[in-house]
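**Student:** This is the structure I want to talk about, given as structure tokens.
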């Protein structure tokens, strides 16, 4: 299987964070303003290729594979947390020497981007979070006692330890699964994401690159109060994007927009959780308008 080639693709690089060997791609144009693209859970850095292809002439674009994803090393242990992901991004920014960054994150990557910007507001010039705020406060349940959340995490992780990664007989089978997971994807998108998001096993089958342990989100991390406190520290213009067909609520309606000093919320029609895939042209129009102001 071959995906339609994207001309002028990125170069691969390695950096280290907390003794983990982590991977990122660099689209060149080092003298241009910096743009950092952070993918979501069970995804990989090459999911940004269409966005990067459109903007690479105007920005120096870097896109990391988060720990436990893509071509980055898996954690020894099972404690994947927002705090550690934020450390990895801070380390990447430090080692690449980028500054005054346009930071764009999707889903879990959006959450990481929001937290990083709250910690280092002086580093980020503009921020875009695509469905990166998690469940609506009206739906999220933080009422369970801490010991119950910890016990649930232990049980979940123990269950995942016995879970054998799904194996697909052919790359075409993995591609079919990718299309089933998101019917909005074009055939070209689904093939490209499948090729870059899977590895061939020794027996010739294919499995997704991400670590199944990251499905067990650690109960140890930022509280809602701490998260909202980070939102208040964000000084740069911020764009919060969500798909109308997604489970995510509009932060303008659920009250979370009020935590920001300079933010606006945008809904994209005919899009689910992966807005930048589902409605690429519409997303790029919105993004370019935001970047131009």
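**Student:** Being farther than 22 Å from residue 117 by Cβ and outside any helix (DSSP H, G or I), is that true of even one residue in the stretch 277-292? Break it down stepwise before answering.
**Tutor:** The initial filter retains those residues of the stretch 277-292 that are farther than 22 Å from residue 117 by Cβ, namely 277-282, 285.
With the extra rule that they be outside any helix (DSSP H, G or I), the set shrinks to 279.
The answer is yes, given that some residue of the stretch 277-292 is farther than 22 Å from residue 117 by Cβ and outside any helix (DSSP H, G or I).
**Student:** Right, something else. Quick one: is residue 132 surrounded by fewer than 14 Cβ atoms within 10 Å (Cβ to Cβ) and at pLDDT 95 or above?
**Tutor:** On the way: surrounded by fewer than 14 Cβ atoms within 10 Å (Cβ to Cβ): no; at pLDDT 95 or above: yes.
It is false that residue 132 is surrounded by fewer than 14 Cβ atoms within 10 Å (Cβ to Cβ) and at pLDDT 95 or above.
**Student:** Testing residue 266 on (1) surrounded by 19 or more Cβ atoms within 10 Å (Cβ to Cβ); (2) touching a residue at least 40 places away in the same chain (Cβ under 8 Å); (3) touching a strand residue (DSSP E or B) at 6+ places or on another chain (Cβ under 9 Å), one condition comes back false. Which one is that?
**Tutor:** (2)
**Student:** If you check residue 249 against the conditions, is it in contact with a helix residue (DSSP H, G or I) (Cβ under 6 Å, 6 or more places away or on another chain) and outside any helix (DSSP H, G or I)?
**Tutor:** On the way: in contact with a helix residue (DSSP H, G or I) (Cβ under 6 Å, 6 or more places away or on another chain): no; outside any helix (DSSP H, G or I): yes.
Spelling it out, it is not the case that residue 249 is in contact with a helix residue (DSSP H, G or I) (Cβ under 6 Å, 6 or more places away or on another chain) and outside any helix (DSSP H, G or I).
**Student:** Can I ask one more? Inspect all residues belonging to the stretch 29-36 and state whether any of them is touching a helix residue (DSSP H, G or I) at 6+ places or on another chain (Cβ under 6 Å) and either within 23 Å of residue 194 (Cβ to Cβ) or modelled with pLDDT of 95 or more (or both). Talk me through it step by step, then tell me what you get.
**Tutor:** Just the residues of the stretch 29-36 that are touching a helix residue (DSSP H, G or I) at 6+ places or on another chain (Cβ under 6 Å), to begin with: none.
No - not one qualifying residue is present in the stretch 29-36.
**Student:** Any residue at all in the stretch 11-18 that's modelled with pLDDT of 95 or more, in contact with a helix residue (DSSP H, G or I) (Cβ under 6 Å, 6 or more places away or on another chain) and either surrounded by fewer than 23 Cβ atoms within 10 Å (Cβ to Cβ) or closer than 20 Å to residue 213 by Cβ (or both)?
**Tutor:** Within the stretch 11-18, the subset modelled with pLDDT of 95 or more is 11-18.
Okay, now just the ones that are also in contact with a helix residue (DSSP H, G or I) (Cβ under 6 Å, 6 or more places away or on another chain), so 15, 17.
Next cut, either surrounded by fewer than 23 Cβ atoms within 10 Å (Cβ to Cβ) or closer than 20 Å to residue 213 by Cβ (or both) only: 15, 17.
Yes - at least one qualifying residue is present in the stretch 11-18.
**Student:** So, one more: Would you call residue 159 free of Cβ contacts under 8 Å to residues at least 24 places away in the same chain, over 22 Å from residue 249 (Cβ atoms) and surrounded by 15 or more Cβ atoms within 10 Å (Cβ to Cβ)?
**Tutor:** Values: free of Cβ contacts under 8 Å to residues at least 24 places away in the same chain: yes; over 22 Å from residue 249 (Cβ atoms): yes; surrounded by 15 or more Cβ atoms within 10 Å (Cβ to Cβ): no.
When the stated conditions are applied, residue 159 does not pass them.
**Student:** When you scan the stretch 11-40, how many residues do you find that are outside any strand (DSSP E or B) and within 22 Å of residue 287 (Cα to Cα)? Walk me through how you get there before you give the answer.
**Tutor:** Step one: list which residues in the stretch 11-40 are outside any strand (DSSP E or B), which gives 18-19, 27-33, 39-40.
Narrowing the set further to residues that are within 22 Å of residue 287 (Cα to Cα) leaves 27-33, 39-40.
Number of matching residues: 9.
**Student:** How about the stretch 268-285: which of its residues are touching a helix residue (DSSP H, G or I) at 6+ places or on another chain (Cβ under 9 Å) and closer than 25 Å to residue 235 by Cα?
**Tutor:** Matches in the stretch 268-285: 268, 275, 276, 283, 284.
**Student:** Kindly establish whether residue 72 is under 20 Å from residue 228 (Cα atoms), buried (at least 17 other Cβ atoms within 10 Å of the Cβ) and in contact with a strand residue (DSSP E or B) (Cβ under 9 Å, 6 or more places away or on another chain). Break it down stepwise before answering.
**Tutor:** Details: under 20 Å from residue 228 (Cα atoms): no; buried (at least 17 other Cβ atoms within 10 Å of the Cβ): yes; in contact with a strand residue (DSSP E or B) (Cβ under 9 Å, 6 or more places away or on another chain): yes.
Here the answer is no, as residue 72 does not meet what is asked.
**Student:** I'm trying to understand the selection: among the residues of the stretch 280-293, which are touching a strand residue (DSSP E or B) at 6+ places or on another chain (Cβ under 7 Å) and surrounded by fewer than 21 Cβ atoms within 10 Å (Cβ to Cβ)? Reasoning before the result, please.
**Tutor:** Looking only at the stretch 280-293, we keep the residues that are touching a strand residue (DSSP E or B) at 6+ places or on another chain (Cβ under 7 Å), and these are 282-283, 286-287, 290-291.
282, 286, 290, 291 - these are the residues of the stretch 280-293 that are touching a strand residue (DSSP E or B) at 6+ places or on another chain (Cβ under 7 Å) and surrounded by fewer than 21 Cβ atoms within 10 Å (Cβ to Cβ).
The values are calculated or read from the model by the stated rules, or taken from the named source; none is laboratory data. No experiment lies behind these values; they were computed from the predicted model shown. When we count neighbours, we look across all protein chains shown, and the Cβ atoms used for this are built from the backbone with ideal geometry, even at glycine.
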